[in-house]
Amino acid sequence: MEGKKLDRNSIIGFVIIAGLLVWMMLSNINKEQQSMENNAELAQKESIKKEQAASFEEALKNNVENDSLNQEQLKATFGSFAYSAALPSAQGGSTILQSDLLTLEIDNKGGKLTNVTVNKFKRFSKDSGELVQLIKDHNANFNIQLFTKDNRVFNTEDLFFEPTLTKEGENQVLSMRLKASENQFLEYRYVLKPDNYMLDFSIRTQGLNNIVDVSKTPELNWVMKTYRNEKSISYENRYVRLYYEYDKDKDNNLSESSKDDTKELKDVAYIAYKQHFFSSILLTDKDFESAKVNSKNLVLDEKVDTVFTKKFSSVIALNYTNGELNYDMNWYFGPSDYKILKSYDRGLDNIIPLGWGIFGWMNRFLFIPVFGLLVKFLPYGIAIIVLTILVRLFTSPLTYKSYVSQAKMKAIRPEVNELNEKFKNDPMKKQQETMKLYSKAGVNPMAGCIPALLQIPIFYALFQFFPSSFDLRQKSFLWADDLSSYDSIYQLPFSIPFYGNHVSLFPILASIAIFVYMKMTTGDQQMAQPTQEGMPDMSKIMKVMVYISPLMMLFFFNNYASGLSLYYFVSNTITIGIMYVIKNHIVKEDKIKAIIDENKTKQRPQGKWQRKMQEMMEQAQEQQRLKDKK
């Protein structure tokens, strides 16, 4: 019975876990209640807006049928903005701005963008006839909610703006004015520049300070459902995120995997609706004082939800200055290309997920410049191969050191086994003697791990680089028609869980290369690493990993960018060649044995790691001795 009693730590652990579970349950209940309240509030607001919009439409229709008899009805419906409703522009229409890079359509109703086409890029494939359209068919909305002094609420999305198109040099300038009179208005000003994805955009009012209630904060509401533009909706959706810069140069993003994520922000400099390879960004020269941003995942079932990826929304508080609105802003509609975004010097390059810390640093200052240089004179697939060769040559000294360490450990394995047998009843003594043997032979058990650890930043940086490289989009190589997406060589008549409905060849080749490499090295690692008492048998684990790792690679990368799979295939193939040369022509067992024998004849100082381990074992031995005396 004594052995079944719970100790104090176990009881505390159970209490903590139970407390966490209760807290999670209460949190979920609160979240559900809050969500229901928010949904009810939103539904009420939407109902009011629909009723208001219907009354506006009816008033405008009546105005057309009998202009002289319905002026009073317009005033009753549109209040202070009846003047704008009586203008010819209230009968509908839109204005188109076009450059080599962008085509924009701005509707009179709401003065908002209803079409944004990125002219030089196609959806899904380069042979597709459909251009990338960030805004079309009412997938986006831009609205300002205004409160007037007569206790009414107006939404600009329901009101009509008067367009005026002019030119300033080569720039196309469109002024959209929602008028209360000829000299009283709310203006949206769009400036499209040639060869530029960035528009100037401003919001200002003139003479409305005696119409609007400046004590109530107007809200800017920007909503967008992002269209799918790439072959694999699941892969694309991993990189569709809402980014923002807030609180003086801090950058962050909402969760890309959460079904529904919301944040309340202060001092916002920009909000970016980033798709995988294209972005819609609203920037402001004067920080927005506060904003509430939300991201909802629209892909709940990949077989059904195939049009949109996510729904983004932002509710931004605008502030009056001397009774008027005055915001100078910008719109960016274009590629999520690191080089283009960085050229604006507004911190927009931070929306490209290049990795944090050293990983992002390696991509920004090493891999992006080097790859950019290579693609200037090489095809993209060849550039990936050359980049891979350069990386493997750079890391080959680490590979060499790792193998030499494994070879030394393998050479002294018989002596380690003897010590294990000799001191099998005295684990502490066994460890001490083993450490002495390592020191005398000039062998550091950690030497094989350190080179591998040093390669992790390179591995992870490139794992982030290839999916984020806009340059690879719709660039072909061999059988892959798009290096930024999967390279399908066969379409399956069914879908395999976690694998997909197609067969990609580059992941298969990469998996084979990983299998061959692990087969080459696993035997040496098993012989080099003795099994420690109380520790799992690493040899058995490695035997299993030889088969599991390639299988994981095959499944995980089947929907990933073929450029990334190409890199891993070439990288592992080169590593196999390097290992073969090292093993058969550079580091031979007889040479290693001779080096170890020579080391044993010399007086060698202990390394820091060996001294530390020796001190720890001596302390443990002394504690055991004192315990035995008691």
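Taking the range 116-134 as the region of interest, how many residues are in contact (Cβ under 8 Å) with a residue 40 or more places away in the chain and open to solvent by 10 Å² or more (accessible area, probe 1.4 Å)? Show your work before the answer.
At the first step, the residues of the range 116-134 found to be in contact (Cβ under 8 Å) with a residue 40 or more places away in the chain are 116, 118, 121-126, 132-134.
Still in the running and open to solvent by 10 Å² or more (accessible area, probe 1.4 Å): 121-126, 133.
Total satisfying the criteria: 7.
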Evaluation of A180 against (1) closer than 30 Å to F121 by Cβ; (2) open to solvent by less than 30 Å² (accessible area, probe 1.4 Å); (3) aliphatic (A, V, I, L, M) (one fails), failing number: (1)
Selection count where residues are in a loop (DSSP other than H, G, I, E, B), closer than 11 Å to K310 by Cα and among the charged types (D, E, K, R), scope the range 233-264: 3
Unmet criterion (only one of (1) surrounded by fewer than 20 Cβ atoms within 10 Å (Cβ to Cβ); (2) out of contact with any helix residue (DSSP H, G or I) (no Cβ under 8 Å at 6 or more places or on another chain); (3) more than 25 Å from S313 (Cβ to Cβ)) for D200: (3)
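Could you tell me whether K225 is in a strand (DSSP E or B), open to solvent by 10 Å² or more (accessible area, probe 1.4 Å) and in contact with a strand residue (DSSP E or B) (Cβ under 8 Å, 6 or more places away or on another chain)?
On the way: in a strand (DSSP E or B): yes; open to solvent by 10 Å² or more (accessible area, probe 1.4 Å): yes; in contact with a strand residue (DSSP E or B) (Cβ under 8 Å, 6 or more places away or on another chain): yes.
It is true that K225 is in a strand (DSSP E or B), open to solvent by 10 Å² or more (accessible area, probe 1.4 Å) and in contact with a strand residue (DSSP E or B) (Cβ under 8 Å, 6 or more places away or on another chain).
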Residue tally, condition within 34 Å of the chain's Cα centre (by Cα) and crowded, with 20+ Cβ neighbours inside 10 Å, over the range 156-171: 1
Close pairs (6 angstrom Cβ cut-off, 6 or more residues apart or separate chains): touching a residue at least 12 places away in the same chain (Cβ under 8 Å) and within 30 Å of Y320 (Cβ to Cβ) in the range 270-299, among the hydrophobic types (A, V, I, L, M, F, W, C) and in a loop (DSSP other than H, G, I, E, B) anywhere: S295/L254
Of all residues making up the range 464-518, the number that are assigned to a strand (DSSP E or B), of a type in the set (A, V, I, L, M) and crowded, with 21+ Cβ neighbours inside 10 Å: 1
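The values are calculated or read from the model by the stated rules, or taken from the named source; none is laboratory data. Small disclaimer: the values here were computed from a predicted structure and weren't measured. Heads up, the Cβs are rebuilt from the backbone with ideal geometry, glycines too, and the neighbour counts pull from every protein chain shown. For accessibility, only protein heavy atoms count, side chains too; no ligands or nucleic acids. Shrake-Rupley method; radii C 1.70, N 1.55, O 1.52, S 1.80 Å.
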